[in-house]
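A short write-up of the structure that comes next.
The values are calculated or read from the model by the stated rules, or taken from the named source; none is laboratory data. Bear in mind that the values here come from a model prediction, so they are computed numbers and not experimental data. As a convention, Cβ positions derive from the backbone with ideal geometry for all residues, glycine included, and neighbour counts pool all protein chains shown. For accessibility, only protein heavy atoms count, side chains too; no ligands or nucleic acids. Shrake-Rupley method; radii C 1.70, N 1.55, O 1.52, S 1.80 Å.
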Amino acid sequence: IKMSNSFVGPRSVPERDSKYMGLAWFYSSFSKDPNTQVGSCLVSLQNELLGCGYNGPPRKINDDTLNWQRPSKSSDPNALSKYDVVIHAEMNAIGANLNPEILYGSTLYVTAMPCVDCMREIIRKEIGTVVYFDFKSGSGSMLQSREYFEKTQKMAQLGGVQLQLFEQNINWISDWVSKLKGLGVF
């Protein structure tokens, strides 16, 4: 029997940032918010996935009973709005891990720039880097606010958190879906 001398290497896979940003976008699809879907993934220094999250209410609140409309300025100030109930994707990903030591220096991948409240928690948990996608939700979203970005950037700088705009691509998701379609999965 003659042995082949040809070498077959591994197939190409997405590099780290593209992989985890793609996973964050996947998680964003679980949000029931009709206006803004945000996802996040938290990854340790050892490249271990620590937690993922999306924007949604706490588990014990039935999200089908919420009014998901953005409140107008004329809305009753005493009425509960989605902003009173929904937990941001970053908080859900961070909260998935109870071991504070493993969070030190980790990287959080987010499909939008974190708000100031989330950045405060990121700093408190000593997460080292936030890789964010430059996602702008629809009109009326705080993701459209320049002040929002500037405050978050100042908080990150004060807390020693590296903010990194995601500038690669996640085209691998489309390629993978095409492959799955070819295999008859869809």
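One table, with the values for the structure above:
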quantity	calculated
Neighbours by Cβ (under 7 Å, 6+ apart or cross-chain): first from region 157-186, touching a residue at least 12 places away in the same chain (Cβ under 8 Å) and in a helix (DSSP H, G or I); second of a type outside the set (G, A, S) and surrounded by 10 or more Cβ atoms within 10 Å (Cβ to Cβ)	G159/I123; W172/P14
Residue within region 81-93 that is open to solvent by less than 40 Å² (accessible area, probe 1.4 Å), touching a residue at least 12 places away in the same chain (Cβ under 8 Å), in a strand (DSSP E or B) and out of contact with any helix residue (DSSP H, G or I) (no Cβ under 6 Å at 6 or more places or on another chain) present	no
Check on T129, at pLDDT 95 or above and β-branched (V, I, T)	yes
Test: residue in region 111-119 that is among the polar types (S, T, N, Q) and open to solvent by 60 Å² or more (accessible area, probe 1.4 Å)	no
Matching residues, region 61-80, being out of contact with any Leu (no Cβ under 9 Å at 6 or more places or on another chain) and not charged (D, E, K, R)	I61, N62, T65, W68, Q69, P71, S72, S74, S75, P77, N78, A79
Of residues in region 102-116 being in contact (Cβ under 8 Å) with a residue 40 or more places away in the chain and assigned to a helix (DSSP H, G or I), the one farthest from G22 (Cα to Cα)	I102
